[in-house]
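Everything below concerns the one structure shown next.
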Amino acid sequence: MKTNKVIFTNALNYFILVIAGVVQTYATCSPYTGETKGWLQIVCAAVLCCYLERGTLKEITTDPTKEGFLKKWQQPFKYGYVFAVSWLCSTFWWIYISLHTYGGLPSVMAVMSVAFLGAGLSFYYATVCAFYAGASRNLPKELKWLLFGALWTTAELARGEWFSGFPWGAVGYAQLDSPLKLLAPYIGVYAVGAIAMALASLLNYLFITLRKHAYKTWNRENSCVTRIQKIKWLVALGIWGCLSLPMISVIEGLEEFRDNGEVLTPVMSFSLLQGNIGQDIKYGVQGLKAINWYRDKIIEAKTDWIITPETAAPVLRTQLPKDYLNQIIEHFKQEENNHKAVLIGLIGTDAQGYTNSAEGINAQGEVFQYSKHHLVPFGEFIPPWFKWFTDLMHIPLGSFTRGGIDQPNWEWGGQRVAVNICYEDVFGEEIARSFTQGEGSEPTVMINISNIGWFGPFLAVEQHLNASRMRAIEMHRPMLRATNTGATAFVDQNGYVKGLLPKYTQGVLVGEIQGVLGQATMYAKWSGRYGLKPLWLVCVLYSLICLSISRYTLKKIAFNS
């Protein structure tokens, strides 16, 4: 029977893991500001590593029975599960707002839905934590550090791809302002996250080693072994600090050196429209009146490009007010305006139904259409066997037709534009496909049109802006974002926000942009062609190799004993 001290200790351990998981969310994206703290995310993950090491040491048993086998894995699984549930639920708690406030789902069911989603996705992370605890106990330290990064990334990949994928808030986003961002154009956000988690394992090793041996080691006479140990600790600590601590001036200097001689397109001016139309009125009579604001701002704009948010016109194209689009086209036909074009978010149609689309319109009429490919479960399509759930809500337009995966880029004004809609910009490997349409046809600019108004003013807006920042870094192309309620922004090719409208205000962001000419980044090339398969292969293969080494070492120890 467990004593009160054991119960209290277990409760304290789980409480610490809950705090570490929540703080990791904060480190990945600070509410209101969107600031990232890569070093803090690594510290939070190191706390998890510490508990996994403790679980490994305390729960390993030589009992060959089924009960003994389970005992080896259950404590690390629990530690990983508690950490992951806390992290994921605090990362996307705002889904509650769309389900309850705008969807009309009872609050209890909305809370349960968010909790079930976080709990279900956490199984990926808990499983790899248990695997890490079992496979790492007989590994050399260097292999163990990399193993934690590989296993964690395997869980991230599963979350990001299986069952339509939900990669929101992956740990790699915490490194947007750390030196690790310099690797993103080569390896992408998931691999950046893998390195961050390997650094967390390294940091845990430093803490454990210093705690156990520092006093004895640093107070011995200066033997050769002692000096080597000191050097190893200092080198490991230096590597961790250089790769995880924010050093903005150094990073900017390296980026400037790397980008020296880069070829840019001619300057184009843009207007990004933010209507701030509430979701509670958008699909009603008031919402239909509000689309006149977009038409007026399109006509008033003095810039080359005018870009509206996703579903700025929240009705079928055929249901728009009479002459709505004709007024815009006629305006563009005037000699002083025929260099202009608008990208407008509206509801398109095809043979299978209606689509969430962006249409490029100029003096010649509709010249471009992009239909959203990666749809949001429950919001834009109904997964099998879940119609009963969506029937409980009152969210309109819940069943769109999926657009093609390889849609052409928009060529206008000397630019080649890769368009994506809302949630799609968290799938970098899909955006990368637009860079594989032929040599010399790589996009020069990216545009995202979004409507995050479904999720309220807290955290989701900042997380989505950070996703766009990471895509700009990965592809090394500037990104324009036009949103309904925020964050409407101009992000340059190195992920820096150069212009931003305050969220939940009505306004127009005006600026100038130059696209980037030249070949795609290494990440865009391999992920656009092969998706995330190379990363899957590396992580799974490395994990299996480490497991084999661990089992071989264990058998060797048993034989010698």
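The values are calculated or read from the model by the stated rules, or taken from the named source; none is laboratory data. In this text, all values refer to a predicted model and were calculated from it rather than measured experimentally. All Cβ positions, glycine included, derive from the backbone under ideal geometry; neighbour counts span all protein chains shown.
Are any residues in region 487-502 in contact with a Ser or Thr (Cβ under 8 Å, 6 or more places away or on another chain) and crowded, with 21+ Cβ neighbours inside 10 Å, and if so, which ones? If the condition is that a residue be in contact with a Ser or Thr (Cβ under 8 Å, 6 or more places away or on another chain) and crowded, with 21+ Cβ neighbours inside 10 Å, then Ala489, Val491, Leu501 are the ones that fit.
Remark: Gly518 falls outside the filter, which requires a residue to be modelled with pLDDT of 95 or more and assigned by TED's automatic domain parsing to the domain that holds Ser450. Taking Thr101 as the residue in question, decide whether it is surrounded by fewer than 23 Cβ atoms within 10 Å (Cβ to Cβ) and among the polar types (S, T, N, Q). Against the criterion (surrounded by fewer than 23 Cβ atoms within 10 Å (Cβ to Cβ) and among the polar types (S, T, N, Q)), Thr101 qualifies.
For region 346-368, which residues satisfy the criterion of being crowded, with 20+ Cβ neighbours inside 10 Å and either touching a helix residue (DSSP H, G or I) at 6+ places or on another chain (Cβ under 9 Å) or of a type in the set (S, T, N, Q) (or both)? Correct list: Leu346, Gly348, Thr355, Asn356, Ser357, Glu359, Ile361, Asn362.
Conditions tested, residue by residue: (1) closer than 22 Å to Ala191 by Cβ; (2) modelled with pLDDT of 95 or more.
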residue: Ser468; (1), (2): yes, yes
residue: Arg481; (1), (2): no, yes
residue: Leu537; (1), (2): yes, yes
residue: Thr553; (1), (2): no, no
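For Gly440, indicate whether it is among the small types (Gly, Ala, Ser), more than 19 Å from Leu183 (Cα to Cα) and part of a helix (DSSP H, G or I). No, not satisfied. Restricting Phe400, Phe389 to those that are outside any loop (DSSP other than H, G, I, E, B), modelled with pLDDT under 90 and either in contact with a Gly (Cβ under 6 Å, 6 or more places away or on another chain) or assigned by TED's automatic domain parsing to the domain that holds Trp305 (or both) reduces the list to Phe389. For region 122-157, the set of residues classified as surrounded by fewer than 19 Cβ atoms within 10 Å (Cβ to Cβ) and either closer than 17 Å to Ala191 by Cα or free of Cβ contacts under 8 Å to residues at least 12 places away in the same chain (or both) consists of Pro140, Glu142, Leu143, listed by residue number.
Give the residues of region 294-314 that are free of Cβ contacts under 8 Å to residues at least 60 places away in the same chain and buried (at least 17 other Cβ atoms within 10 Å of the Cβ), sorted by residue number. Answer for region 294-314, where residues must be free of Cβ contacts under 8 Å to residues at least 60 places away in the same chain and buried (at least 17 other Cβ atoms within 10 Å of the Cβ): Tyr294, Arg295, Ile298, Ile306, Ala313.
For region 440-461, does any single residue satisfy the condition of being of a type outside the set (Asp, Glu), surrounded by 24 or more Cβ atoms within 10 Å (Cβ to Cβ), out of contact with any Ser or Thr (no Cβ under 6 Å at 6 or more places or on another chain) and more than 29 Å from Glu300 (Cα to Cα)? Yes, region 440-461 contains at least one residue that is of a type outside the set (Asp, Glu), surrounded by 24 or more Cβ atoms within 10 Å (Cβ to Cβ), out of contact with any Ser or Thr (no Cβ under 6 Å at 6 or more places or on another chain) and more than 29 Å from Glu300 (Cα to Cα).
Report yes if Ala115 is crowded, with 18+ Cβ neighbours inside 10 Å, at pLDDT 90 or above and of a type in the set (Gly, Ala, Ser), otherwise no. Spelling it out, it is not the case that Ala115 is crowded, with 18+ Cβ neighbours inside 10 Å, at pLDDT 90 or above and of a type in the set (Gly, Ala, Ser). Applying the criterion of being hydrophobic (A, V, I, L, M, F, W, C) and touching a residue at least 60 places away in the same chain (Cβ under 8 Å) to the residues of region 436-460, the residue that is farthest from Ala27 (Cα to Cα) is Val445.
Summed over region 269-286, residues that are surrounded by fewer than 19 Cβ atoms within 10 Å (Cβ to Cβ) and either at pLDDT below 70 or aromatic (Phe, Trp, Tyr) (or both) total 6.
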